[in-house]
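Asker: Could you have a look at this structure, given as structure tokens, before my questions?
The values are calculated or read from the model by the stated rules, or taken from the named source; none is laboratory data. Note that this is a predicted model, so its numbers are computed, not measured. A quick note on method: Cβ atoms are made from the backbone with ideal geometry, for glycine too, and the neighbour counts reach across all protein chains shown. Side chains included, ligands, DNA and RNA excluded: accessible areas come from the protein's heavy atoms. Shrake-Rupley method; radii C 1.70, N 1.55, O 1.52, S 1.80 Å.
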Amino acid sequence: MLKTAVVGVRGVGGGHFRALASHPRSELVAVADLDTAAARRLVDEQDHGSAPTVFASLDEMLDGSPGLEAVIIATPHHLHAPMSLAALEAGLHVYVEKPIAIRISDADRMVEAALQRQRVLAVGHQYRTYPGNARLKQLIEADEIGSVQRIVWQWLDTRPESYYDRDPWRSSWAHAGGGVLLNQASHDIDLLCWLFGPPAEVSATLMNRGHRHEVEDTALATVRFASGALASLQFSTWDRCLNYRQIAGDLGSIV
Ligand SMILES: NC(=O)c1ccc[n+]([C@@H]2O[C@H](COP(=O)([O-])OP(=O)(O)OC[C@H]3O[C@@H](n4cnc5c(N)ncnc54)[C@H](O)[C@@H]3O)[C@@H](O)[C@H]2O)c1
């Protein structure tokens, strides 16, 4: 049994809490959230032998949970790096929600800390496990469409102003680190790198086409992958819903 904890439980962290509370190889011993009342409600919802202890901060949790081995961090983006570094420093394995961090230098420090402490650092890019994406990877690796030459990848949707008003951290550079690119399209970018390898060259245009807030709601990019494949990407939360992918190889295409 791994002694586990969750930090940040109002949104997606609530799902992590319930998963860890019911997983046969996890003993959920602690939960931390600024909103301790929300954390207590979650704890009360569970049918526990021994209920996890509620803390108001990660630091209090680290001090007050001897033997803790792993933590899931599901807080606003700007907290991912400092919280992951503190947890790794305390010797814990870390699963941090996407995006890994809001600065590349922070992400590098997190990877370095995990390597130094020999701990697992995983990022919440669960889209790799979805059957359609796993199948796509399988087809590409089996060379079913030959060498990939060209990719069109679009994730377009609508997020109303109320989505950002409800949780203001999502719309500020300081707390979210970006708009559609970090919040929604980080999943797509993860899939693109997983499927096609590292990018060698990127040019992009970011803009806010319709929302009142400061971060971008639309991003267009051209990517040349190290493999030679070329991709045209469009991401937006100010559009009609469309999730479109076209992957053309020298032997065939997947749409
Ligand atoms: N993998 C996915 O598909 C997926 C889906 C949704 C959200 N997310 C990610 O999960 C993270 C959280 O998003 P959300 O939508 O759940 O946000 P949210 O605002 O609903 O929840 C964040 C929680 O963190 C708590 N919190 C904030 N500051 C804290 C602090 N200093 N100490 C302790 N707790 C603190 C808040 O009280 C709240 O309970 C983000 O990184 C988001 O991008 C991932």
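Here's the yes/no breakdown for (1) in the same structural domain as Arg209 (by TED's automatic domain parsing); (2) touching a Ser or Thr at 6+ places or on another chain (Cβ under 8 Å); (3) open to solvent by 50 Å² or more (accessible area, probe 1.4 Å):
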position: Gly132; (1), (2), (3): yes, no, yes
position: Asp143; (1), (2), (3): yes, no, yes
position: Val152; (1), (2), (3): yes, yes, no
position: Ser162; (1), (2), (3): yes, no, yes
position: Asp167; (1), (2), (3): yes, no, no
position: Ser172; (1), (2), (3): yes, no, no
position: Ala176; (1), (2), (3): yes, no, no
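Asker: Would you kindly identify the helices (runs of 4 or more DSSP H) lying entirely within region 136-255 that contain at least 1 residues that are aromatic (Phe, Trp, Tyr)?
Answerer: Filter on region 136-255 gives 161-166, 173-176, 186-196.
Asker: Now for a different question. Against the conditions (1) loosely packed, with under 14 Cβ neighbours inside 10 Å; (2) under 26 Å from Asp167 (Cβ atoms), where does Gln234 fall short? Just the number, please.
Answerer: Failed condition: (1).
Asker: For region 1-18, which residues satisfy the criterion of being closer than 19 Å to Ala70 by Cβ, assigned to a loop (DSSP other than H, G, I, E, B) and either polar (S, T, N, Q) or within 8 Å of the ligand (Cβ to nearest atom) (or both)?
Answerer: Gly8, Val9
Asker: Further question on the same structure: Please specify each residue of region 186-215 satisfying the condition of being among the β-branched types (Val, Ile, Thr) and open to solvent by 20 Å² or more (accessible area, probe 1.4 Å). Walk me through it before giving the result.
Answerer: Of the residues in region 186-215, the ones among the β-branched types (Val, Ile, Thr) are 189, 202, 205, 215.
Of everything in region 186-215, those that are among the β-branched types (Val, Ile, Thr) and open to solvent by 20 Å² or more (accessible area, probe 1.4 Å) turn out to be Ile189, Val202, Thr205.
Asker: Among the β-branched types (Val, Ile, Thr), under 16 Å from the mean Cα position of the chain (by Cα), more than 12 Å from the ligand (Cβ to nearest atom) and in a helix (DSSP H, G or I): is that true of Val94 in this structure?
Answerer: no
Asker: When you look at Ala221, is it aliphatic (A, V, I, L, M) and either in contact (Cβ under 8 Å) with a residue 40 or more places away in the chain or in contact with a Cys (Cβ under 8 Å, 6 or more places away or on another chain) (or both), yes or no?
Answerer: So Ala221 does not fit the description; no.
Asker: From the set of residues in region 237-255 that are closer than 9 Å to Leu156 by Cα and not aromatic (Phe, Trp, Tyr), which is least open to solvent (accessible area, probe 1.4 Å)?
Answerer: Thr237
Asker: Pick from region 104-127 the residues that are within 14 Å of the ligand (Cβ to nearest atom) and assigned to a loop (DSSP other than H, G, I, E, B): which of them is nearest to Val71 (Cα to Cα)?
Answerer: Gly124
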